[in-house]
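Notes follow once the structure below has been shown.
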Amino acid sequence: MRQTFGEPLVDRHRVAAAHAATDLARRAGGADAVLKRTLDIAVAAAILLLLLPVAVLLAVAIKVDSRGPLLFRCRRVGFRGSELNMLKLRKMHVGADGPALTVADDERFTRLGKFLASSKLDELPQLWNVVRGHMSLVGPRPEAPELVALRADDYSVILGVRPGITGLSQLAFVKEASILDSDDRMADYVRRVQPQKIQLDRLYAANRSIGMDLRILVWTAAAVLCRQEVAVHRGTGRLGLRRRPVPAEVPSASPSRTPGEAAS
């Protein structure tokens, strides 16, 4: 741009337009955050009220099944690196030691605990984490501090988003406990599962929107209520039904003929 005497070095109209676009994006982001928080409170409170009778029955069953507290607090890394006490219904015997990760037939489970883990009902108290603002309905799954420390650079991006009860990585690995190597589950998780979860959580952090959250909630309902297996595209986050491979048909053998039998 040519400058004449008395003219500014910077095009004021372009600067004003850039500031206006920035302000608009900031307002849109702020409105999106308010809408997301409103959705979190409304849906979490509604589900808590709806499932209150179920929660009471589970509380009684846990107390009858084994001694110990009703709730278990999982220490996780939360929003912006804050400490998060993620609530779960207790599904293990008191004093059970071992890895933070569980497998399908974990010997530490109580009689009721295996059902709680497979049905995901042990995560019901996390709706209270959502109401209190520590978690969101949809977001990256919060990890243990020792796992976050292994990939600090990746989690510096992921932790900029409030962790969620459900999300892309949660749907992709809903049967995580059944695929881990029971002999060395932590090493297997770090090698095979964690990198894929990080990829999906970073994808969500970069592209999150109310529309994406609503789609994830719908597919979560399909997975929980209709027992549907959900496929998550690792590159785009696109959701759909997981298609089971169709086994190849084995051609049937022709009936053997006795010597001298004529062909029909």
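Any residue in the stretch 36-57 that is in contact (Cβ under 8 Å) with a residue 40 or more places away in the chain sitting within a Cβ distance under 6 Å of a residue that is assigned to a helix (DSSP H, G or I)? List the pairs, counting only those 6 or more apart or interchain.
Asp40/Val130; Ala44/Leu127; Ala44/Val130; Ala44/Val131; Ile47/Leu127; Leu48/Leu127
Just to be sure I understand the filter: pairs with C-beta atoms under 7 Å, separated by 6 or more residues or on different chains, first member in the stretch 190-203 and over 10 Å from Phe173 (Cα atoms), second member assigned to a helix (DSSP H, G or I) and acidic (Asp, Glu). Which pairs pass?
As it stands, the answer is Ile198/Asp154; Arg202/Asp154, since those pairs meet every condition given.
For the stretch 62-96, which residues satisfy the criterion of being under 30 Å from Arg151 (Cα atoms) and outside any strand (DSSP E or B)?
Correct list: Gly78, Phe79, Arg80, Gly81, Ser82, Arg90, Lys91, Gly95, Ala96.
Checking Val94 against (1) modelled with pLDDT of 95 or more; (2) closer than 26 Å to Ser118 by Cβ; (3) in contact with a Gly (Cβ under 8 Å, 6 or more places away or on another chain): exactly one of these is not met. Which one?
Result: Val94 fails condition (1) only.
Pick from the stretch 144-185 the residues that are of a type in the set (D, E, K, R) and part of a helix (DSSP H, G or I): which of them is nearest to Phe115 (Cα to Cα)?
Among residues in the stretch 144-185 that are of a type in the set (D, E, K, R) and part of a helix (DSSP H, G or I), the one nearest to Phe115 (Cα to Cα) is Glu176.
Going through Arg234, Arg141, Arg227 one at a time, which residue ends up being outside any helix (DSSP H, G or I), surrounded by 15 or more Cβ atoms within 10 Å (Cβ to Cβ) and not hydrophobic (A, V, I, L, M, F, W, C)?
So the residue among Arg234, Arg141, Arg227 that is outside any helix (DSSP H, G or I), surrounded by 15 or more Cβ atoms within 10 Å (Cβ to Cβ) and not hydrophobic (A, V, I, L, M, F, W, C) is Arg141.
Check off (1) under 20 Å from the mean Cα position of the chain (by Cα); (2) modelled with pLDDT of 95 or more; (3) closer than 30 Å to Asp184 by Cα for Ala44 and give me the number that stays unchecked.
Against the list (1) under 20 Å from the mean Cα position of the chain (by Cα); (2) modelled with pLDDT of 95 or more; (3) closer than 30 Å to Asp184 by Cα, Ala44 comes up short only on (3).
Six or more apart or on different chains, Cβ under 6 Å: which pairs go from a residue in the stretch 210-231 that's in contact (Cβ under 8 Å) with a residue 40 or more places away in the chain and among the aromatic types (Phe, Trp, Tyr) to one that's surrounded by 13 or more Cβ atoms within 10 Å (Cβ to Cβ) and part of a strand (DSSP E or B)? Could you list them?
Going by the 6 Å Cβ cut-off, the qualifying pairs are Trp219/Val230; Trp219/Leu239.
Return yes or no: is Pro99 under 17 Å from Lys197 (Cα atoms), touching a residue at least 24 places away in the same chain (Cβ under 8 Å) and not in a helix (DSSP H, G or I)?
It is false that Pro99 is under 17 Å from Lys197 (Cα atoms), touching a residue at least 24 places away in the same chain (Cβ under 8 Å) and not in a helix (DSSP H, G or I).
Do you know which of the residues in the stretch 98-120 that are surrounded by fewer than 19 Cβ atoms within 10 Å (Cβ to Cβ) and of a type in the set (A, V, I, L, M) is nearest to Arg73 (Cα to Cα)?
The selected residue is Ala100.
Within the stretch 36-82, can you find the residues that are out of contact with any Ser or Thr (no Cβ under 9 Å at 6 or more places or on another chain) and of a type in the set (Val, Ile, Thr)?
Within the stretch 36-82, Thr38, Ile41, Val43, Ile47, Val54, Val56, Val60, Val64, Val77 meet the criteria.
The values are calculated or read from the model by the stated rules, or taken from the named source; none is laboratory data. Since this is a predicted model, take the numbers as computed values, not measurements. Every residue, glycine among them, receives a Cβ derived from its backbone with ideal geometry; neighbour counts consider all protein chains shown.
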